[in-house]
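Input: a single structure, listed below in structure tokens.
The values are calculated or read from the model by the stated rules, or taken from the named source; none is laboratory data. Bear in mind that the values here come from a model prediction, so they are computed numbers and not experimental data. Reconstructed Cβ throughout: ideal geometry from the backbone, glycine too, with neighbour counts over all protein chains shown. When the accessible area is computed, the model is the full protein with side chains, heavy atoms only, and any ligands, DNA or RNA have been set aside. Shrake-Rupley method; radii C 1.70, N 1.55, O 1.52, S 1.80 Å.
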Amino acid sequence: MTLQDKELHDFLFNHVDDMKAENIITLDVRDKSSITDFMIVCTGTSKRHVSSIALNVSDKSKEIGLMPYGIDGEAEGEWVVVDMGNVMIHILQQEHRELYQLEKLWS
């Protein structure tokens, strides 16, 4: 992980943690994906919580001049993806996290 990647990762990870996301993990997918280098996967306790985590991370990123490449799923609040380039954040409700098993898929 380059220093730039580490700083981005740590910034995003800390803001996910600030919003009380649960079971936060980081997956290194540099050798498995051409889309991103790292995925932060975490659980929100409700649709509102999932959407709020994504909105907070997006807002905090914009405050320091980092624009998300995209955000998908915030209207539904079941699984929201925030694409920050080298780091993607997957925020899921528990039942979706169990169903899709991203940790198993990308390990």
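Observations, loosely collected:
- Close pairs from region 3-14: first free of Cβ contacts under 8 Å to residues at least 60 places away in the same chain, partner open to solvent by less than 60 Å² (accessible area, probe 1.4 Å), Cβ under 7 Å, at least 6 apart: 13/24; 13/26; 13/40
- Checking 37, 31 one by one, the residue that is under 16 Å from residue 90 (Cβ atoms) and among the acidic types (Asp, Glu) is 37 and no other.
- Candidates in region 58-75 are the residues that are assigned to a loop (DSSP other than H, G, I, E, B) and hydrophobic (A, V, I, L, M, F, W, C); of these, the one that is surrounded by the most Cβ atoms within 10 Å (Cβ to Cβ) is 66.
- Residues considered: 52, 34. Of these, the only one that is over 18 Å from residue 7 (Cβ atoms) and surrounded by 13 or more Cβ atoms within 10 Å (Cβ to Cβ) is 52.
- Region 76-102, residues that are hydrophobic (A, V, I, L, M, F, W, C), open to solvent by 70 Å² or more (accessible area, probe 1.4 Å) and touching a residue at least 12 places away in the same chain (Cβ under 8 Å): 79
- Number of positions in region 15-57 that are polar (S, T, N, Q) and either in a strand (DSSP E or B) or under 11 Å from the mean Cα position of the chain (by Cα) (or both): 3
- Members of region 15-41 that are over 23 Å from residue 98 (Cβ atoms) and of a type outside the set (A, V, I, L, M): 15, 18, 30, 31, 34, 37
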